[in-house]
Amino acid sequence: MEALDIPAAGREADVTVRRPWTASASETRAGLLFVAPYLAVFCLLLVYPLLSGIWLSLHKADLFGGSRFVGAENYVRLLHDDIFRQAVWNTCNFVILTVPALTVAGLALALALNTSSRWSAVLRGLFFSSSVLSVTIVTLVWRMVLIPDGGLVANLLALLHLPAIPFLSDARLALPAVAITTIWWCIGLPMMLFLAALQQVPKDLYEAAALDNAGWWRTLRRITLPSIRRTALVVVVIEVILQFQLFGQAQIMTLGGPNNASLPIVLFIYQIGFQRWDIGYAAAASEILFCIILVAAMAQFLASRGREDG
Amino acid sequence: MTAMRNPGRGRNWTAAAALGLAALAMAAPLLWTLLLSLKANDALLRGTASAFAPPYTLENYADILGHSAVFFWLLNSTIVSLGVTAGVLCLSSLAGYGFARLRFPGRDIVFVLVLFGLAIPEQSVIIARHQMFGALGLHNSYGGLIFPGLAAPFGVFLMTQYFRAMPKELEEAAWLDGASRFKTFWRILLPQSLPAQATLGIFTFLSTWNDYWWPLISATNSRMYTLTVGVASSQMNFAQTNGLGFLMAQAVFASVPILIVYVIFQRYIVAGVRAAA
């Protein structure tokens, strides 16, 4: 930091009148010096790998540096790869299982906890606390809830004399089990976003509704929901982007199994890239994921721009 | 649970009951983990239902103290998270000041390009970045674990917005005294930005601490594992005979530091959630 001190640079021009429409040479130099360290890191660690990843996806490349240009072959291969198609399907399925649930439950919690009482503060803390745990801890906790051999659910079922359910080894249950774990883990963020939005709703709207003797449901539908529409859209898009990146839960809890039933796209990339070392092919799969997420991010950009207009 | 907005008493009770159930569902997995961690391993071998009743013991936690790998992982997580946090705060504050307060040609275009970086998911760069770090010999080093975190554009975005919102008058007195730009930044603007620094710092710390995917592929030597990767590895190698109670004690032990950080910095986390939206 000290090395960046630029004592002489600023002195002469600044005390005199500065014309706002032109940048002085010293200001330009100072500006570039301030942004240069970040820009260097940005280009080296984000822009360069992004571009070289696209380049790599057009090659047949392996761990040991062998590399041959193959054009779109990796992409064509992906389109015909049943496991990749299954992974795309699983990921979409997972997004459908988690995002609506997270949005609705997040909103319900925010509505219930939007008071200043001590109880709601404690509960807000409880519902958000899971979000600060790492994926490793969350999966460790939930495996001990779900495993049929001595898990919490199995114990509760045993109390009712019911048989245990093999959540993680049944092809139909594995992905929903990962989804439930994820909802438990991620519920804090949508709740917080909705709470922030609810506090922005003008109080006089509620007072007017109370004067009209509007009931709770009517107030919710006519005032609350329209006022937080933009936030709801932002929550949906953020969660779509996040949940498309499903990795740790599936990798640790099920290894994508049984029979690829819970294999998401990112785990597919991991297996191809870092276990089979088919690097060009994995890069191509990651570019497809990038396109999917980019579309969602554009939707968020449009949504937040709309919010400023409205 | 007390003062609900709606007047109907009946609905109040159903809402409170639903909320209570949700809170129970939220807390139960954590309490279950805690109970398992407090049971002797041989008691758990006979059946996990025994976790609902005493006797409880701290022997699993005592065993962790004799298990040095966990402390290595804890140390690595601390070094990496603090390193990334310090780096992000420095780079983002400097760049944020540059973008917000200084005029130079191309500034706005460069800023938009940096914002575009927010939309780049880690997955799309990770293969190429892994190749690059391999070529540079950075895997299994602190540098290898820290550098990728420094490129995140979110901090630059946050600090630029924050510096932009500050009144111009703050700097003008310093300008007139002939202070340099860096001095003005360092003495005047930076101290004013402490709340934003705290929010950005705690966010960066938490997300680095919890990162799983990059340390998983970059640190292959178990000495260089971070806590998330280390605990995941013992989880995946786990066989019932190793001691379920010990594994659960590891989970509790590994989540305590981050929960303490959460409790201390709670209000900055809330502020950060709002800023992120």
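The values are calculated or read from the model by the stated rules, or taken from the named source; none is laboratory data. As the structure is a prediction and not an experimental result, all values here were calculated from the model. As a convention, Cβ positions derive from the backbone with ideal geometry for all residues, glycine included, and neighbour counts pool all protein chains shown.
Observations on the structure shown:
- Evaluation of A:T231 against (1) surrounded by 16 or more Cβ atoms within 10 Å (Cβ to Cβ); (2) within 30 Å of B:S233 (Cα to Cα); (3) not aromatic (F, W, Y) (one fails), failing number: (2)
- Region B:1-35, subset modelled with pLDDT under 55 and over 14 Å from A:S117 (Cβ atoms), residue nearest to the other protein chains (Cβ to nearest Cβ): B:N6
- Restricting attention to region B:208-227, the residues being more than 16 Å from B:H67 (Cα to Cα) and at the interface with chain A (Cβ under 10 Å from one of its Cβ atoms) number 8.
- Check on B:P153, within 19 Å of B:L94 (Cα to Cα), buried (at least 19 other Cβ atoms within 10 Å of the Cβ) and either without any contact (Cβ under 8 Å) to a residue 24 or more places away in the chain or of a type outside the set (S, T, N, Q) (or both): yes
- Residue count, region A:158-181 (criterion: among the polar types (S, T, N, Q) and within 13 Å of another protein chain (Cβ to nearest Cβ)): 1
- Any hit, region A:150-166, residues being in a loop (DSSP other than H, G, I, E, B), in contact with a Ser or Thr (Cβ under 9 Å, 6 or more places away or on another chain) and at pLDDT below 90: yes
- Sole residue being out of contact with any strand residue (DSSP E or B) (no Cβ under 6 Å at 6 or more places or on another chain), closer than 23 Å to B:F203 by Cβ and of a type in the set (G, A, S), chosen from B:A49, B:A95, B:A53: B:A95
- Selection status of A:I269, under 28 Å from B:Q131 (Cα atoms) and either at the interface with chain B (Cβ under 8 Å from one of its Cβ atoms) or of a type outside the set (V, I, T) (or both): yes
- Meets criteria (closer than 26 Å to A:V237 by Cβ and at pLDDT 95 or above) for B:S81: no
- Some residue of region A:97-117 being touching a residue at least 40 places away in the same chain (Cβ under 8 Å), more than 13 Å from chain B (Cβ to nearest Cβ) and more than 30 Å from the chain's Cα centre (by Cα): no
- For region A:29-46, residues that are of a type in the set (V, I, T) and surrounded by fewer than 18 Cβ atoms within 10 Å (Cβ to Cβ) total 0.
Yes/no matrix, rows are residues, columns are (1) surrounded by fewer than 12 Cβ atoms within 10 Å (Cβ to Cβ); (2) of a type outside the set (V, I, T):
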site	(1), (2)
B:A15	no, yes
B:L19	no, yes
B:M26	no, yes
B:L30	no, yes
B:T33	no, no
B:L38	no, yes
B:D42	yes, yes
B:T48	no, no
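- Residue tally, condition more than 18 Å from A:L294 (Cβ to Cβ) and of a type in the set (A, V, I, L, M, F, W, C), over region A:43-54: 3
- B:L74 meets each of the listed conditions (1) in contact with a Leu (Cβ under 7 Å, 6 or more places away or on another chain); (2) surrounded by 17 or more Cβ atoms within 10 Å (Cβ to Cβ); (3) of a type in the set (A, V, I, L, M) apart from (2).
- Those residues of region A:288-299 which are in contact (Cβ under 8 Å) with a residue 12 or more places away in the chain and either within 12 Å of the chain's Cα centre (by Cα) or farther than 17 Å from A:V234 by Cβ (or both), in sequence order: A:I288, A:L289, A:I292, A:I293, A:A296, A:A297
- Close pairs from region A:57-70: first without any contact (Cβ under 8 Å) to a residue 40 or more places away in the chain, partner part of a strand (DSSP E or B), Cβ under 7 Å, at least 6 apart: A:R68/A:H59; A:R68/A:K60; A:F69/A:H59
- Helices (runs of 4 or more DSSP H) within region B:37-153 that include 3 or more residues closer than 22 Å to A:Y38 by Cα: B:68-101, B:107-116, B:123-135, B:142-150
- Residue check for B:H130: more than 10 Å from chain A (Cβ to nearest Cβ) and within 24 Å of the chain's Cα centre (by Cα): no
Conditions (1) under 23 Å from the mean Cα position of the chain (by Cα); (2) of a type outside the set (A, V, I, L, M, F, W, C); (3) surrounded by fewer than 21 Cβ atoms within 10 Å (Cβ to Cβ); (4) at pLDDT 90 or above, marked per residue:
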residue	(1), (2), (3), (4)
B:A119	yes, no, yes, no
B:L136	no, no, yes, yes
B:N140	yes, yes, yes, yes
B:G144	yes, yes, no, yes
B:P148	yes, yes, no, yes
B:R164	no, yes, yes, yes
B:L170	no, no, yes, no
B:A174	no, no, yes, no
B:R181	no, yes, no, no
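- Test: residue in region B:165-183 that is closer than 28 Å to B:Y61 by Cα and free of Cβ contacts under 8 Å to residues at least 24 places away in the same chain: no
- Any hit, region A:155-164, residues being over 18 Å from B:T33 (Cβ atoms) and touching a residue at least 60 places away in the same chain (Cβ under 8 Å): no
- Here B:I188 passes the criteria (1) more than 21 Å from A:L126 (Cα to Cα); (2) facing another protein chain (nearest Cβ under 10 Å) except the one numbered (2).
- When the criteria are applied in full, A:S262 fails the requirement of being out of contact with any strand residue (DSSP E or B) (no Cβ under 7 Å at 6 or more places or on another chain), away from chain B (no Cβ under 12 Å) and surrounded by fewer than 17 Cβ atoms within 10 Å (Cβ to Cβ).
- Checking each residue in region A:129-157 for being within 7 Å of chain B (Cβ to nearest Cβ) and over 25 Å from B:P215 (Cα atoms) picks out A:V145, A:G150, A:L152, A:N155.
- Meets criteria (farther than 25 Å from B:L30 by Cα, among the charged types (D, E, K, R) and loosely packed, with under 15 Cβ neighbours inside 10 Å) for A:R85: yes
Residue-wise test of (1) among the polar types (S, T, N, Q); (2) closer than 14 Å to A:F34 by Cβ.
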position	(1), (2)
B:Q161	yes, no
B:E169	no, no
B:A173	no, no
B:R181	no, yes
B:F185	no, yes
B:I188	no, no
B:P195	no, no
B:A198	no, no
